[in-house]
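What follows is a set of notes on a single structure, which appears directly below.
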Amino acid sequence: EDRLIDDIESLCIGVLSARFRKIMISYVASSVRSVAQTRKYTQEKLNKTEKDDWDIFFTEAFDQALRYLQDLGYLDDYEYCRKYINTSMKLKPSSVLMIRAELENVRGIPADIVQSVLNEYELDDFDAAYKLLIKKAKQTEDKNKMFTFLMRKGFGYETVNKAYKKYIDNLSET
């Protein structure tokens, strides 16, 4: 009798896990996603009453489906961080503080993974601030607006001030 119950539980978990995998695969196939993003999306896609009916199997089946996608290489928070940082550095430079906050607080990546990946890079807030300042200077010459813009991007006052001084020095040379 215990073996039959174990078999039924395994079957239920297997059925749920397969359903979760189907939802997750369609989500991660379109773009690189973090584990936390995939978890949230899948939970939102599931019917609430169904979760309540299957609650005793839900967590194990859900974790099993996530592990399956991780084993296949579809979900990798380390690789997700690398791609996010590379894209951020190319398209819209930001401070290390903002990158960390985005990855941890918005994208749901654990802090230890974020720190580990950040250690792989030689990110320089000064260079990023200077690049953004040059872009902003095309829109406005107002020093306060430039400073405020960079401060909102997570750069410290000293970094912003150094970037502005370099910008002014380069202007006077031309």
- Item | Residue among 46, 75 that alone is out of contact with any strand residue (DSSP E or B) (no Cβ under 6 Å at 6 or more places or on another chain), crowded, with 16+ Cβ neighbours inside 10 Å, farther than 30 Å from residue 125 by Cα and touching a residue at least 12 places away in the same chain (Cβ under 8 Å) | 46
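Suppose the filter is in a helix (DSSP H, G or I), surrounded by 11 or more Cβ atoms within 10 Å (Cβ to Cβ) and modelled with pLDDT under 90; does residue 24 pass it? It would help to see each step written out before you state the result.
Numbers: in a helix (DSSP H, G or I): yes; surrounded by 11 or more Cβ atoms within 10 Å (Cβ to Cβ): yes; modelled with pLDDT under 90: no.
Criteria not met by residue 24.
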- Return only the number of the condition from (1) surrounded by 15 or more Cβ atoms within 10 Å (Cβ to Cβ); (2) among the small types (Gly, Ala, Ser); (3) modelled with pLDDT under 90; (4) assigned to a helix (DSSP H, G or I) that residue 10 does not satisfy. (1)
- Query: Under 6 Å by Cβ, and 6 or more places apart or on different chains, what pairs join a residue from the range 51-70 that is on the phi < 0 side of the Ramachandran plot with one that is among the small types (Gly, Ala, Ser) and modelled with pLDDT of 75 or more?
  - Reply: 61/17; 64/17; 65/17
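Conditions (1) surrounded by 14 or more Cβ atoms within 10 Å (Cβ to Cβ); (2) among the small types (Gly, Ala, Ser); (3) in contact with a Ser or Thr (Cβ under 7 Å, 6 or more places away or on another chain), marked per residue:
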{"position": "62", "(1), (2), (3)": "yes, no, no"}
{"position": "88", "(1), (2), (3)": "yes, yes, yes"}
{"position": "92", "(1), (2), (3)": "no, no, no"}
{"position": "103", "(1), (2), (3)": "yes, no, no"}
{"position": "118", "(1), (2), (3)": "yes, no, no"}
{"position": "126", "(1), (2), (3)": "yes, no, yes"}
- Test residue 113 against the criterion of being at pLDDT 90 or above, under 30 Å from residue 21 (Cβ atoms) and not in a helix (DSSP H, G or I), and give yes or no. no
- If you check residue 132 against the conditions, is it over 29 Å from residue 46 (Cβ atoms), touching a Pro at 6+ places or on another chain (Cβ under 6 Å) and crowded, with 19+ Cβ neighbours inside 10 Å? yes
- Message: Six or more apart or on different chains, Cβ atoms under 7 Å: show the pairs whose first residue is in the range 147-162 and under 11 Å from residue 126 (Cα atoms) and whose second is of a type in the set (Asp, Glu) and open to solvent by 20 Å² or more (accessible area, probe 1.4 Å).
- Response: 155/125; 159/125
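The values are calculated or read from the model by the stated rules, or taken from the named source; none is laboratory data. What you see is a predicted model; the values in this text were computed from it and never measured. Quick reminder, even Gly has a Cβ in these numbers, built from the backbone with ideal geometry, and neighbours come from all protein chains shown. The protein model used for the area step is the full one, side chains on, heavy atoms only, and it has no ligands, DNA or RNA in it. Shrake-Rupley method; radii C 1.70, N 1.55, O 1.52, S 1.80 Å.
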